[in-house]
Each structure stands twice: as structure tokens, then as C-alpha cells.
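Undergrad: Here you go, one structure.
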Amino acid sequence: MVILKLVPLLLFVISVYSAEDIKSEEGVLVLNKSNFKTATADNEFVLVEFYAPWCGHCKALAPEYAKAAQQLTDQNSSIKLAKVDATEEQELAEQYGVRGYPTLKFFRNGNPIDYNGGRQADDIVTWLLKKTGPPAKELASVDDAKQFIDSNNVVVIGFFKDQSIEDAKGFLNVAAGIDDIPFGITSDESVFGQYEAPENSIVLFKKFDEGQVVYDGKLVEDDIKKFILTNSLPLLVEFNHDTAQKIFGGEIKSHLLLFLSKGDKENFDKISEAARSVAKPFREQVLFVTIDADEDDHQRILEFFGMQNKEVPAARLIKLEEDMAKYKPPTADLSAESIQQFVQDFLDGKLKQHLLSQDLPDDWNKEPVQVLVASNFDAVALDSSKDVLVEFYAPWCGHCKQLAPIYDKIGEHFKDNDDVIIAKMDATANELEHTKIVNFPTIKLYTKGENQVIEYNGPRTFDGLTRFVESGGVDGAGEEPVEEVAEDDDSTKKDEL
């Protein structure tokens, strides 16, 4: 009987010591294999960051993560923030599918979901409060409303005297689906009067551009959501780690990208103001974005557009659809008038896609494997008098590098065959209107006669590829690909781009 009576006490003591075993750094719990389950089971809500000590993005997140933990503590919130060194706790990282750093998982009663919010402290707190509380905060007075509006860069308030009506419920449904913006709702007459808000209306308040915007459309959920997501971003958005997800994951799929140098302050300010002055009429169709070309992290974006730093300042338009399209302005002038005309011509369908092309080398056809660029591709590959085998490659692709000596050997094998051409093209620097390449290497045979295009899916061996050519594309076309996507040479070091 004595032992039975001691059981509750023993359990209490065990729980106390378990809690004490979990160390804290700047308000963030430090978790490992031995305490992870306890932390996520004993706390209803826990946000866990899986990080690597060498990861630059993790280092940038650390102070914001600690700041968010402090904000939650100040609010007497039960939500906990925690972190796991995934390089030390590889078993935990594997268990929760960590493939890059930082990876954040939100645990509710021990059950994880992916965190998809921002990386600033306010964004983290907003996301967590939305996940753990009502979709919209009740604003019962003018003071409540003022404090709510002042607390964040962007907030949305629904003004509904009767919150049981369908329009109010629709507003709350939208609020529940947007995690990174705080929503409020009020039925208080004094709040209506303070902000001169009509009944059953929605107002977005922001600390930039025009300050506040009243929604004037029908109270349809999809339309309300688009209004909020569109107006919550500045007229001119600066591309960085925190805004990237909102830019490329947002509702607007057409983007005007202005590549500028912050080091050239005069030009940066001048062009930014010119773009901002003409952006408003286009805001629901085209997102205006600035990209600081001085940032090392942004060099890959310039490369993607085939640009060099010496071309900055410059503009490009990109349309993010299944087949991505890029457009280049006809002039280097970036005045307000030129930017406005460029965007309008794009919306009117007057622009032709800008396709990348390298200069054609003088010796492009001197070797057994001929070099193709966008400008000579059709003349060579679509020559109906020959079978033309083309490898579409990327310079950084590991599988392409492995294939190179085999492909050179195939070129030697067919060099005296007047009916066959073996060729290759750097598909990262040359684009074709009729052919989109997404995997590297991609190998296609352009047959003589009917000019059929047959993709090779067999083993990347000398025998396999020569049989493919000699059979006119019959042998090797119907097999499963060996690898679908080539890996980057740096793929062994996981990080987040």
C-alpha cells in the first residue's frame, strides 16, 4: 500500500527532473534524442528548428527565433520554441524528414506539421498564434483596435456588427487560411466610428504605401484572399530571404524584376521611385520586385537570366506558369515611362519571349561532338537528312560530367558517318521556344526523314546509346530513366537556398 501511495509522488519527481534536463538558450529549449519526446509530449505546442551550426540561414534565423521566444514569454503564452542540432542528432533529423537547413516543424500534442511562415520574429509569433488560437482576435474597444494595428506591419480587420452572418463566417474562413497576417474582428460601434468603416466591411492596415485599403468587392472568400495577399505586400517588394516565399509562392505569377545595385544609391533610389510611381495600377496582375545585384546569394538569379553584373541596372519580366516565360525590355532605359510601357506591352501580349543564347563558337563543328547554341540549333538538329543525337546538359551536373567521356567516344564512333551528327548544348545558357528542358542530362534523337523527336531513357552507356542511334530511336526509347534529376556537386551539404 505504501508503494502505491508513493506512485504519484514518484511520477511528479520524474517529471520535474525530466523538465530540468531540458536546457534552454535564450528562451529556446535545446532538444536531443533523450528529451525530444518528453518536450513535445508534455507541451501542447512546440515549434522545433532543426539546424546545422555551419548553415548561414540558421545563423540568420537564430536572433529572430530567440526574439520570438521572448515575445511569447512576455505574452504568458504556453507555446514553446525549441531547437535540435541535426548534425548531432541525425536519427531525429531522419525521423522527421529533414532534408535541408533550417527545417521547422510545429508539434501539437506531439503531432508534427511543417512550418511555412516567415523568418522574422513577428512572423513566427503571428503564425504560431494563428495555429493555436482563434483565426481573428476580438477587438472590443478603440484601444484594442489601436493596439492591434500598431502591433504589426500589416493587419486585417473585419467590421461586422453581427458576426453570425455568412459574410462574417466567410471572413473568418479566410483568416484561418492565412497564417502570416494577424486578423481582427469587431462589432463595437466606437471602433466603426473611429475608422469610418461601413457595416460588413474589411480594411487592411499597413505601415507602408497608402497606410490602409478598404476592400470594395463582393464578400467572396477567394476574392477577399486575393485582395489581402496582394495588398499586404509593398508596391515595390525587396527580394530577400524573408520575402522570397511571399513573392514566388503568392497569388500573382507575373513579376517585374529590377536588378539594381544598392551600392549605387543614386540609381537605386531613382529607379525604385520610378517603378513605385507606376506600380499601383498593375498590382493585381504584376508584382514589382527589386533584387540587389551586390548580394552574393543573388548571383544565381542573374545567371538564371543569363545576366552579368556589368548589365546592372536592368529589368526582366517573368511569368511563372508550367512553361516559365521570360521577357526583356527593348531598351535599357528604366524611367517610369519605360517601365510602365514594358509592363503594359507584356499584359497586352505584345512581347516575344526572351530566350537565352550563347555566341556560336567559330569551331562549333570541328570536333566529333558538335556544339549547339540556340541560334544554330534548328539548322542542325532539325536537318531532315540526318539523324541528330543531342545531349542537353548543365555545366554543374554531376551525371553530365560522368557521361562526358562516354559521349565523346560516341562522337568518335559516328564521326565518319555522313548520316549521323552527335551534338550537345548547354541548356542552362541556351533556351529553345519549342523545347523545354528540366532534367539533366536529357538526350534526344532528331530522326532524319520525318524529323521525329525521340527521348532516350536507356542506360547511359556507349553500347546503349550507339544502339539507340543505329536503331533510329527504337532501342532505348521506352525504358525507364536511370536517373530523373541530376544532382548538384554540392548536394552532399544540405542547406536551404
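Undergrad: Give the angle, between 0 and 90 degrees and rounded to the nearest 10, that separates the Cα long axis of helix 56-74 from the longest principal axis of the Cα atoms of the chain.
TA: The helix 56-74 is inclined about 20 degrees to the chain.
Undergrad: I would also like to ask the following. If you fit an axis through the alpha-carbon atoms of helix 2-21 and take the longest principal axis of the Cα set of the chain, what angle between them do you get, 0 to 90°, nearest 10?
TA: 60 degrees
Undergrad: Right, something else. Using a Förster distance of 25 angstrom, determine the FRET efficiency expected from the C-beta separation of A176 and N152, and round it to 0.05. Could you put the intermediate results ahead of the total?
TA: Numbers: r = 18 Å, r/R0 = 0.70.
According to the calculation, E is roughly 0.90.
Undergrad: So, one more: Test of understanding: extend the Cα→C-beta vector of S384 to 7 Å, then name every residue of the range 430-464 with backbone N under 17 Å from that spot.
TA: Flagged as within label range: 446-454.
Undergrad: Once you list every other residue whose beta carbon is under 14 Å from the beta carbon of S78, what net charge do they have if Lys and Arg are +1 and Asp and Glu are -1?
TA: Here the count lands on 0.
Undergrad: Here's another thing I want to ask about it. Exceeding 27 Å between C-alpha atoms, which entries from my cross-link table qualify? They are K83/K246; K137/K253; K33/K105.
TA: On the way: K83/K246 25 Å; K137/K253 31 Å; K33/K105 16 Å.
With Cα atoms farther than 27 Å apart: K137/K253.
Undergrad: What number comes out for accessible area per residue over the chain if the probe is 1.4 Å? Units Å², please.
TA: Numbers: 26140 Å² over 497 residues.
Ligands and nucleic acids excluded, the figure is 53 Å² per residue.
Undergrad: Also: Quote to one decimal, in nm, the extra length available between S24 and F462 on full extension: 0.36 nm per residue of separation minus the C-alpha distance between them.
TA: So the extension gain works out to 151.8 nm.
Undergrad: Hey, another quick one. About its Cα centre, how strong a charge dipole does the range 176-274 have in debye, to the nearest 20, once Lys and Arg get +1 and Asp and Glu get -1 at the Cβ?
TA: Working: 10 positive and 19 negative charges, 81 e Å.
With Lys and Arg at +1 and Asp and Glu at -1, about 380 debye.
Undergrad: I would also like to ask the following. At a Cα cut-off below 15 Å, give the aspartates and glutamates reachable from K366, other chains included and same-chain residues fewer than 8 away excluded.
TA: Hits, sequence-local ones excluded: D408, E412, D416, D418.
Undergrad: Now for a different question. Out of all DSSP beta bridges in the chain, what portion is antiparallel? Express it as a percent rounded to 5.
TA: Numbers: 39 of 73 bridges.
The answer is about 55 percent antiparallel.
Undergrad: Oh, and also: Using a 7 Å offset from the Cα along the Cα-to-Cβ direction at both D74 and A140, what is the distance between the two label points in nm, to one decimal?
TA: The two pseudo-label positions are separated by 2.3 nm.
Undergrad: Where the accessible area of the chain is counted over protein heavy atoms with a 1.4 Å probe, how much of it, in %, is carbon and sulfur? Please list the in-between numbers first.
TA: Numbers: 12490 of 26140 Å².
The nonpolar share, carbon plus sulfur, comes to 48 percent.
Undergrad: Around I421, which amide H atoms from residues at least 5 apart in sequence, or from another chain, sit under 5 Å from its own amide H, with H modelled in the peptide plane?
TA: D387, V388, L389
Undergrad: How would you classify the chain from its alpha-carbon gyration tensor, with a ≥ b ≥ c the square roots of the eigenvalues: rounded for a/c under 1.5, else prolate if a/b is greater than b/c, otherwise oblate?
TA: Working: a/c = 2.55, a/b = 1.48, b/c = 1.72.
Since a/c reaches 1.5 but b/c is at least a/b, the shape of the chain is classed as oblate.
Undergrad: Okay, moving on. From the phi of every residue in the range 35-46, what ³J(HN,Hα) in whole Hz does the Karplus formula 6.51 cos²θ - 1.76 cosθ + 1.60 yield, where θ is phi - 60° and glycine or proline is x?
TA: Per-residue couplings from phi come out as 10, 4, 4, 4, 5, 7, 8, 7, 10, 5, 10, 9 Hz.
Undergrad: Over every pair of different alpha-carbon atoms in the range 100-206, take the mean of 1/r and invert it; report that Kirkwood radius in Å.
TA: Details: mean 1/r = 0.0680 Å⁻¹.
Hydrodynamic radius (Kirkwood, Cα only) of the range 100-206 equals 14.7 Å.
Undergrad: Would you please name the GluC sites (Glu not before Pro) within the range 179-249 that are DSSP coil residues with at most 12 other C-beta atoms within 10 Å of their C-beta?
TA: For GluC sites (Glu not before Pro) across the range 179-249 that sit outside H, G, I, E and B with at most 12 neighbouring Cβ atoms in 10 Å, the list reads E196, E199, E210.
Undergrad: Can you work out the FRET efficiency for the pair W54 and D162, with r the C-beta to C-beta distance and R0 = 51 Å, to the nearest 0.05? Intermediate results must be reported in sequence, preceding the final value.
TA: Values: r = 56 Å, r/R0 = 1.09.
Rounded to the nearest 0.05, the efficiency is 0.35.
Undergrad: Also, I was wondering about something else. Kindly work out what percent of the DSSP beta bridges joining two residues of the range 30-121 are antiparallel, to the nearest 5.
TA: Values: 10 of 18 bridges.
Expressed as a percentage, antiparallel bridges in the range 30-121 total about 55.
Undergrad: If the only charges are +1 at each Lys and Arg Cβ and -1 at each Asp and Glu Cβ, what is the size of the charge dipole of the chain around the Cα centre, to the nearest 20 debye?
TA: Values: 52 positive and 89 negative charges, 207 e Å.
Dipole of the chain, to the nearest 20 debye: 1000 debye.
The values are calculated or read from the model by the stated rules, or taken from the named source; none is laboratory data. Remember, it's a predicted structure, so these values are computed and weren't measured experimentally. Here Cβ is always computed from backbone atoms with ideal geometry, including for glycine, and neighbour counts include all displayed protein chains. Areas reflect the complete protein model, heavy atoms only, side chains present, ligands, DNA and RNA absent. Shrake-Rupley method; radii C 1.70, N 1.55, O 1.52, S 1.80 Å.
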